[in-house]
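Report on the structure given below.
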Amino acid sequence: MRLFYSLLFYGLLPFILLRLGWRGIKAPAYRLRWRERLGFYPQSPLKDVIWIHAVSVGEAEAVFPLLKQLQQAHPSQHFLVTTTTPTGSARVTAVMGDSVSHVYLPYDTFGAVRRFFTHFQPKVAIILETEIWPNLFAACGQRHIPLVIINACLSEKSARGYQKIPYLVQSTLANITLIAAQTEADAQRFLAIGATAKQIQVYGNIKFDSPPQDGAIAEGRQLRKQIFSERFVWIIASTHQEEEAYFLALYAQCKVIAPDLLLLIVPRHPERFHEVQQLCLKSALKVVMRTAATSCDSATDVYIADTLGELKMLYAAADIAFVGGSLVPIGGHNVIEPAAVNVPIMFGPYMDNVRLIADGLLKANAAVQCADIPALLSSFKHLYVDAAYRQTLAQNAQHFVKQNQGAITRILALLQPIIRR
């Protein structure tokens, strides 16, 4: 079965590379370092590295606190971090600098995987969340490399997909040393797709242990004082295509309710920054880009954050937050970040990716879920006019975060004996 999968991957590889080039038209970073995805590296070969894989920005941000603690515990050890996206790569470089090596994860072909393992010779593989690659995992098993999936999560939709190819998935999962699941529900779904009870333990979600640095909160407050003074700031974060249009269409009605309203939009993907700007201009709104020299004044309608790595700081600068990927069927994004900086949280109906956290926030009266656009407008009005309600939501959200912390400590205890083997 894995042979058939590999042949299929090889057959699709030209189209995958073409898609990479196509994405590079809007985001030139995708055209750079493409050889790394095939297992060719400019760096000198390494040996016995601790390898950590984080797909993109969200996973990288979550793993930084754990990575830094591992570095402190093993100061002579070399660490390799792989990502899949250029944005994830940029964050690794910005936060970790030269203290780690970084390359893109190789495509899951025999040749690329073999070259990767020959070049870096990892002693331990630590994979974040839900990355299951048959050839990559088989290589770990063949080389007797401990393979741990941390912060492991599996949605019902993904589980159903994996259950359609049971032989391939079960043989792939057999190479895993341990699955540190976020929740019992995740653990049960991994069992359903073929993992064994011996492989799975519930350790919690490390994103609860990734609070914003005091500097980020201070910068957010300073940004608010300098640029957003006397404005009611509604941050619309991690937005996807079509979501911004909903908010821009609502803007006039919201402005009647809140004359001092400023929309702070943070698109999920950098290649859409210009697209969102044009969308605002077509709506006859005055827009300011964060990277532009233009100042934000009382006539500004929309402020677009066309930067990377500033989301926590921007949350701290806002009065209320809407977490994107939830008004369209994407499945939602990280709701822990706004909760940790004391800002009231709103999100839409599509929260499958973070369902248990969203449900926990709702149960704790720490967030507002908006089923549709009329509900979104109604919730905005309630939050705008009722400062006490905003404070209650924010305080409850912070309490919810604190109640769920501790996963990093547990995972460190799990990893230490594996690394010291």
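Read-outs throughout are calculated quantities, based only on the coordinates presented, and are distinct from any laboratory measurement. The shown structure was predicted, so the numbers you read here are calculated from the model rather than taken from an experiment. Cβ coordinates were reconstructed from backbone atoms using ideal geometry, including for glycine residues, and neighbour counts include every protein chain displayed.
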- Item | Under-5 Å amide H pairs with residue 288, H placed in peptide plane, nonlocal only | 302, 303, 304
- Task: Kindly provide the helix-only [θ] at 222 nm of the chain, computed as the sum of -39,500 (n - 2.57) over DSSP H runs of four or more divided by all residues, to the nearest 500 deg cm²/dmol?
- Result: -14500 deg cm²/dmol
- Message: Tell me the volume per residue, in Å³, of the convex hull enclosing the alpha carbons of the stretch 214-403.
- Response: 108
- Query: How about the stretch 23-98: which chymotrypsin sites (Phe, Trp or Tyr not before Pro) there lie in a loop by DSSP and see at most 16 other Cβ atoms within 10 Å?
  - Reply: 40
- Query: What's the local net charge at residue 420, with K and R +1, D and E -1, over the other residues with C-beta under 15 Å away?
  - Reply: +1
- The answer for residue 53, listing residues at least 5 apart or on another chain whose modeled amide H is closer than 5 Å to its amide H, is 82, 126, 127, 128
- Would you kindly derive the ³J(HN,Hα) couplings of the stretch 24-33 from the backbone phi angles with the Karplus curve 6.51 cos²θ - 1.76 cosθ + 1.60 (θ = phi - 60°), listing them in order in whole Hz, with x for Gly and Pro? x, 5, 7, 10, x, 4, 5, 7, 8, 6
- Query: How would you rank 65-71, 203-209, 256-262, 129-135, highest first, on the average number of other Cβ atoms within 10 Å across their residues?
  - Reply: 203-209, 129-135, 65-71, 256-262
- Note on the structure: So, over other residues within a Cβ distance under 15 Å of residue 306, counting Lys, Arg +1 and Asp, Glu -1, the net charge is 0
- Task: Please report the base-10 log of the normalised intensity I(q)/I(0) for the stretch 286-350, using a Debye sum with one equal scatterer per alpha carbon and no solvent, at each q in 0.12, 0.14, 0.26 (1/Å).
- Result: -0.37, -0.49, -1.14
- Message: If you average the C-alpha positions of the stretch 1-54 and of the stretch 313-358 separately, how far apart do those two centres end up, in angstrom?
- Response: 31
- Message: Distance between the C-alpha centers of the stretch 157-174 and the stretch 215-272? Whole Å please.
- Response: 41
- Hey, what does the equivalent ellipsoid look like for the chain, semi-axes from the Cα gyration tensor as sqrt of 5 times each eigenvalue, largest first, whole Å? 38, 24, 21
- Message: Longer than 27 Å from Cα to Cα, which of 68/363; 157/282; 47/402; 286/363; 68/402 are they? Say none if no pair is.
- Response: 68/363; 157/282; 47/402; 286/363
- Message: For a quick check of your reading of the filter: which trypsin sites (Lys or Arg not before Pro) in the stretch 150-189 sit in a DSSP loop and have no more than 15 other Cβ atoms within 10 Å?
- Response: 164
- Message: Using each residue's phi in the stretch 170-185, evaluate 6.51 cos²θ - 1.76 cosθ + 1.60 at θ = phi - 60° and report the 3J(HN,Hα) Karplus result to the nearest Hz, with x for Gly and Pro.
- Response: 5, 5, 5, 5, 4, 7, 7, 6, 7, 10, 8, 6, 5, 9, 5, 4
- Query: Given the stretch 36-118, what whole percent of its Cα pairs are spread farther than 19 Å?
  - Reply: 35
- Note on the structure: Burial-style ranking of 409-421, 8-20, average other-beta-carbon count within 10 Å with highest first, yields 409-421, 8-20
- Other-chain or far-sequence residues with amide H under 5 Å of residue 343's (modelled H): none
- Task: Go ahead and run the numbers for FRET between residue 250 and residue 32, Cβ-Cβ distance against an R0 of 41 Å, rounding to 0.05.
- Result: 0.60
